[in-house]
Amino acid sequence: MTKRVELPIAGAAPKTLGRREVLQGLMGAAGAGLALPAVAQDHPVRDHLAHADRVAAADTRASVPGAKPVFLDAHQMETLTSLAERIVPGSTRAKVAPFIDQLVAVDTPDDQRKFLSALGWIDAEAIARYEHPWKALTAIQQTELLTAVSTAESAEPPHFWVRGEAVIVPPPLPKRPPTTRDRFDELKGWIAGAYYSSEIGMRELGWTGQTFFASFPGCDHPDGHRTS
């Protein structure tokens, strides 16, 4: 059952809230255990969202009409915008792609490389399967591609834990290169984090401006996609 946390708020909620205000309210309600749908605990977007000033600056710049991307080129931004909308409908309205562009621009070189590699991979997959880049695919082709990559196997080994029993931990396996699923999860984490930290995303999950959720139900979207 979804847990609600009531916050004492004087007067009516603001008509529009930025990501900083939404996240500060959520952190105050749910504390360090705040859940973000479809975002792994070690995904870099979580570190960004934990810094209020960084979130506020990125959100403000992402909301400027007609602003050019600061990190991505025009093709990459169009690809990310289209991909985000396909994975989480409503992402364009929530300024997901511009917000991600601002955050990745101040990220570490390693995280930047991982993000660009994943974004370039989605185009390569589209060309390999349909002979066209992602943004030139039909809606049906985009859905087929996302369905295939989101159900592929990950390179991450399974994690085992047995309550009350001694477990012999084997030596770590050699690190394998990222798989199709790993690259998809990299992009999905950025998109989900950017969307569900926005007022639009939180209201989709049932937030009213006065009631916050300490945990969230799964979020279903059209076209058969599910972000959890």
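The values are calculated or read from the model by the stated rules, or taken from the named source; none is laboratory data. Everything numeric in this text was worked out from a predicted model, so none of it was measured. Glycine also receives a Cβ, built like all others from the backbone with ideal geometry; neighbour counts cover every protein chain displayed.
One line per residue, one yes/no per condition, for (1) of a type in the set (Asp, Glu); (2) more than 22 Å from ALA126 (Cβ to Cβ); (3) under 14 Å from the mean Cα position of the chain (by Cα); (4) at pLDDT 95 or above:
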{"position": "ASP47", "(1), (2), (3), (4)": "yes, yes, yes, no"}
{"position": "ARG54", "(1), (2), (3), (4)": "no, yes, no, no"}
{"position": "ALA58", "(1), (2), (3), (4)": "no, yes, no, no"}
{"position": "PRO65", "(1), (2), (3), (4)": "no, yes, no, no"}
{"position": "THR79", "(1), (2), (3), (4)": "no, no, no, yes"}
{"position": "GLU85", "(1), (2), (3), (4)": "yes, no, yes, yes"}
{"position": "ILE100", "(1), (2), (3), (4)": "no, no, yes, yes"}
{"position": "ALA105", "(1), (2), (3), (4)": "no, yes, no, yes"}
{"position": "PRO109", "(1), (2), (3), (4)": "no, yes, no, yes"}
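Scanning for something closer than 23 Å to PHE115 by Cα, at pLDDT below 85, in a loop (DSSP other than H, G, I, E, B) and of a type in the set (A, V, I, L, M), does the range 150-162 turn up at least one residue?
Scanning the range 150-162 turns up at least one residue that is closer than 23 Å to PHE115 by Cα, at pLDDT below 85, in a loop (DSSP other than H, G, I, E, B) and of a type in the set (A, V, I, L, M).
Give the residue, chosen from ALA62, ALA57, that is surrounded by 14 or more Cβ atoms within 10 Å (Cβ to Cβ) and in contact with a Pro (Cβ under 7 Å, 6 or more places away or on another chain).
The conditions single out ALA62.
On the basis of being out of contact with any strand residue (DSSP E or B) (no Cβ under 7 Å at 6 or more places or on another chain), aliphatic (A, V, I, L, M) and free of Cβ contacts under 8 Å to residues at least 40 places away in the same chain, does LEU146 make the cut?
No; evaluated as a whole, the condition is false for this residue.
Among (1) over 15 Å from ARG181 (Cα atoms); (2) touching a helix residue (DSSP H, G or I) at 6+ places or on another chain (Cβ under 8 Å), which single condition is ALA74 missing?
It is condition (2) that ALA74 fails.
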